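Colleague: First, the structure itself, so that you have it in front of you.
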Amino acid sequence: MISNTTNTCKILVKSCLLCILLSLYAHGLDSKQLFSTLNKMLQSTPESKEVSMKMISTEASGLKDFSFVILEREGYWVPLLAHENGKTIIIATPDLILSTDSIVEKNLAKAIKKSQEHNKQLVDDSVLKIFSTHSSNTITLPNKSAKYTIYMVLDPNCPYCKNEVEKLQEYAKDSSLVIMVVGILRQDSLDKAAAFAKLIKNTKSKEEQIAVLKRVFDKGFAPSSVRYDDAKKERGEIYADLALIGMKLQQAGLQGVPYIIKRPN
């Protein structure tokens, strides 16, 4: 499985970072106090409620009296830097924890990587279910000798997504491609994704599908140039499906595009 590209267009979604904070029982940590601290943090956020919490692991941080702790809620993992008394908790990210100590840097990177890999696997599995149930705005470019299948979620208004479209030939050397075009960044994205869904209905070959994809991702593409058979019914059905897909992707945990999944065949 390949990692998502570093450059992504972020989706404006409600942050649930604090809601993923969990309680734990860990050697050397005051778990009762930690639980109390976490709940105070949760109660300071809108729509706060009691959460089910679980500890995954606790590791030495390299800092006196502090440990890196991985906590879980609803399957997702979050790394924290926690004091042994449970009263001080810092979300473990490179932006919040700055250190020139190589041991601390190494342990921080390990905790973050472990959590990210686990969480991406959960998101990947959820996103793949959406691919399997929504095909109206998806094209498949098969490769009989493919070692992998690459799944892409792309938005026409995302410049990084356009870069991925330009690399399709490179990807296709050893992979089959399944590409979903969505409209999740802004209203114009939805218009372009709907136009894409309409245009691919009339394609019969891989070359035609790629041509449509590149047309929609061209900066000068005007979705108003696409005509629908029944402007009210057909267009309405396509928009409704795209809105549902966008909602499901958000619920799956997708926070930016392009989103790429690579699975061995």
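Colleague: Under the rule a/c < 1.5 gives rounded, and otherwise a/b versus b/c splits prolate from oblate, where does region 111-174 land using the Cα gyration tensor?
Modeller: Judged from the Cα gyration tensor, region 111-174 comes out rounded (a/c under 1.5).
Colleague: Follow-up. Can you tell me the order of 204-213, 147-156 when each peptide is scored by its average per-residue count of other Cβ atoms within 10 angstrom, highest first?
Modeller: Ranking, from highest mean packing down: 147-156, 204-213.
Colleague: Past 18 Å, Cα to Cα, is the threshold; run LYS129/LYS262; LYS120/LYS147; LYS129/LYS201; LYS162/LYS232 against it and keep the listed order.
Modeller: LYS120/LYS147; LYS129/LYS201; LYS162/LYS232
Colleague: Something else about it: Once phi is turned into ³J(HN,Hα) by the Karplus curve 6.51 cos²θ - 1.76 cosθ + 1.60 with θ = phi - 60°, what whole-Hz value does each residue of region 228-236 show in order, with x for glycine and proline?
Modeller: Once θ is set to phi - 60°, the couplings for region 228-236 become 9, 4, 10, 3, 7, 6, 4, 4, x Hz.
Colleague: When all protein chains stay in place, what accessible area (Å², nearest 10, 1.4 Å probe) is found for HIS118?
Modeller: Only protein atoms counted, so the area is about 50 Å².
Colleague: Going by a ≥ b ≥ c, the root eigenvalues of the Cα gyration tensor, does region 209-265 fall in the rounded group (a/c under 1.5), the prolate group (a/b larger than b/c) or the oblate group?
Modeller: Oblate shape, in that a/c is at least 1.5 and b/c is the bigger or equal ratio.
Colleague: Quick one: Karplus J couplings for region 198-214, per residue in order, coefficients 6.51, -1.76, 1.60, θ = phi - 60°, nearest Hz, x for Gly and Pro?
Modeller: With coefficients 6.51, -1.76 and 1.60, one gets 5, 5, 6, 4, 9, 8, 10, 10, 4, 5, 5, 5, 5, 4, 5, 4, 5 Hz.
Colleague: Determine one quarter of the surface area of the Cα convex hull of region 163-241, which equals its mean projected area, and express it in nm² to one decimal.
Modeller: Mean projected area of the Cα convex hull: 5.7 nm².
Colleague: So what's the net charge close to GLN209: Lys and Arg +1, Asp and Glu -1, counting the other residues with Cβ under 14 Å from its Cβ?
Modeller: Residues near GLN209 contribute +4 overall.
Colleague: While we're here: For LYS144, LYS114, write out the residues from largest to smallest accessible area, computed with a 1.4 angstrom probe and no ligands counted.
Modeller: Output order, biggest surface exposure first: LYS144, LYS114.
Colleague: Please enumerate, by chain and number, the aspartates and glutamates with C-alpha under 19 Å from the C-alpha of LYS114, excluding those fewer than 8 residues away in the same chain.
Modeller: GLU59, GLU72, GLU74, ASP95, GLU105, ASP124, ASP125
Colleague: Let me make sure I get this right: for region 50-124, a, b and c are the square roots of the gyration tensor eigenvalues over alpha carbons, sorted descending. Under 1.5 in a/c it's rounded, otherwise prolate if a/b > b/c, else oblate. Which is it?
Modeller: The shape class here is oblate.
Colleague: Sticking with this one: For the pair LYS204 and GLN187, how long in nm is the line joining their label points, each one 7 Å along Cα→Cβ?
Modeller: In this crude spin-label approximation the distance works out to 3.8 nm.
Colleague: Express in Å², to the nearest 10, the accessible area of CYS9 obtained by rolling a 1.4 Å probe over the protein heavy atoms while all chains stay in place.
Modeller: 20
Colleague: Return the long-range amide H neighbours of GLY256 (sequence gap of 5 or more, or a different chain), with a cut-off of under 5 Å between placed amide H atoms.
Modeller: Excluding prolines and chain starts, which carry no amide H, the hits are ILE11.
Colleague: Continuing with the same structure: Please report the net charge: other residues with Cβ closer than 14 Å to the Cβ of THR133, K and R +1, D and E -1.
Modeller: Around THR133, the surrounding residues sum to 0.
The values are calculated or read from the model by the stated rules, or taken from the named source; none is laboratory data. Quick caveat: nothing in here was measured; it's all calculated off a predicted structure. Every residue, glycine among them, receives a Cβ derived from its backbone with ideal geometry; neighbour counts consider all protein chains shown. Note: areas computed on protein heavy atoms with side chains; ligands, DNA, RNA excluded. Shrake-Rupley method; radii C 1.70, N 1.55, O 1.52, S 1.80 Å.
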